[in-house]
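The values are calculated or read from the model by the stated rules, or taken from the named source; none is laboratory data. Everything numeric in this text was worked out from a predicted model, so none of it was measured. Counting neighbours? That spans all protein chains shown, and the Cβs are built from the backbone with ideal geometry, glycine included.
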Amino acid sequence: MSEFNALLTRAFAEAEIPADGGFSLSVGRGVARRENARRLRGAVQTFGLGLAVVTIALAAFNPASLLIQEWLGSAGIGAARAYGSINAGGLAADAEGVGVSALNSLGLGLTQILLIAGALVGGAVAYRAAQD
Amino acid sequence: MAARGLLNLAQASEAALILAAQARDQAAFGELVKRRQGWTRALLRRMCAGNHAEADDLAQEAFVRAWDKLKDLETPAAFSGWFRRIAVTTFLMAKRKQRAIFEEIDDSSPLADENSTPESAAGAKIDLERALTRLSEAERLCVTLNHGEGLSHSEIVDVTGLPLGTVKSHVNRGTEKLRRILEAAA
């Protein structure tokens, strides 16, 4: 049996190897199609993710800006009152006004802040998707 | 990176081609296919009982699958075994779709048409491909991996996922069948 096994192994080793005959070219075309499909899928995913991020940012913008403005405003009033009570009573009203207006300005700037943050997050997600 | 450096693909080492292909260089992978296609198609043709068209389709599928999974290959030195596993898995998946394999594990798998096609070889020349067509799918797979690829029984278990006892049984039974076929032909 072992003699036959050796004969069999030799027969396998000596078996005919098929010529290429365009096979490699055909595989190359298949791989190219696969790559094109992969790139297209990646681009669609990136676009979709970007769109999702922008949509979420826009949807979250209004409630978030109102909430943060209110929060900053009340924090500013509190700070101004504290400042006023520490210093002379006559200055308190002015300080309160300055604090409120400064923090309201900051609150109004939230539009830009949120848009920039959204763009940064969207860009990071798109970059990560492209890397994958 | 490695991909751009391979100006002369035909002279590049296989390891360099594999590294370049891992960097998504299609030309390097094409050269790798050129070098490996003969071995791959011969292996699959034996497994497919000489059905060259089916074997070539499976070989193409195996190469495309290898392209997709090249990132998973840890070292170029492991390419042969890694790609053989992909080729065998591709074959097994196709056969499972056809539900043609593993159904015969417990049967006695008698020789198909044992007396219907007397071998024409006058001498001791082995018409291996024809003889292999007379084994069952699972026997052919195990005998090809054992004698053709030099894999041990446990390595065949690893590649095919079949139980060890089944692999041993298929190898022994398939080898014995081949011996009888080829002795009859001699």
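Things to note:
- Residue satisfying all of: in region B:129-157; free of Cβ contacts under 8 Å to residues at least 24 places away in the same chain and not in a loop (DSSP other than H, G, I, E, B); surrounded by the fewest Cβ atoms within 10 Å (Cβ to Cβ) among these: B:SER154
- Qualifying residue in region A:49-63 (condition: of a type outside the set (S, T, N, Q) and not in a helix (DSSP H, G or I)): no
- Once region B:55-71 is narrowed to residues that are touching a residue at least 24 places away in the same chain (Cβ under 8 Å) and under 26 Å from B:ASP127 (Cα atoms), the residue that is farthest from the other protein chains (Cβ to nearest Cβ) is B:LEU58.
- Members of region A:20-56 found to be among the aliphatic types (A, V, I, L, M) and more than 29 Å from B:TRP39 (Cα to Cα), listed by number: A:LEU40, A:ALA43, A:VAL44, A:LEU49, A:LEU51, A:ALA52, A:VAL53, A:VAL54, A:ILE56
- Single unsatisfied condition, B:ALA3 versus (1) modelled with pLDDT of 90 or more; (2) closer than 23 Å to A:GLU35 by Cα; (3) in contact with a Lys or Arg (Cβ under 8 Å, 6 or more places away or on another chain); (4) not basic (Lys, Arg): (1)
- For region A:8-23, the condition holds for at least one residue, the condition being that it is modelled with pLDDT of 90 or more, facing chain B (nearest Cβ under 7 Å), in a helix (DSSP H, G or I) and surrounded by 12 or more Cβ atoms within 10 Å (Cβ to Cβ).
- B:THR133 within 22 Å of B:GLY50 (Cβ to Cβ), of a type in the set (Ser, Thr, Tyr) and away from chain A (no Cβ under 12 Å): yes
- Verdict on B:LEU19 being in a helix (DSSP H, G or I), within 14 Å of chain A (Cβ to nearest Cβ) and either surrounded by 19 or more Cβ atoms within 10 Å (Cβ to Cβ) or touching a residue at least 24 places away in the same chain (Cβ under 8 Å) (or both): no
- Region B:143-165, subset among the hydroxyl-bearing types (Ser, Thr, Tyr) and farther than 20 Å from B:ALA49 by Cα, residue nearest to the other protein chains (Cβ to nearest Cβ): B:SER152
- Qualifying residue in region A:75-92 (condition: at pLDDT below 80 and not in a helix (DSSP H, G or I)): yes
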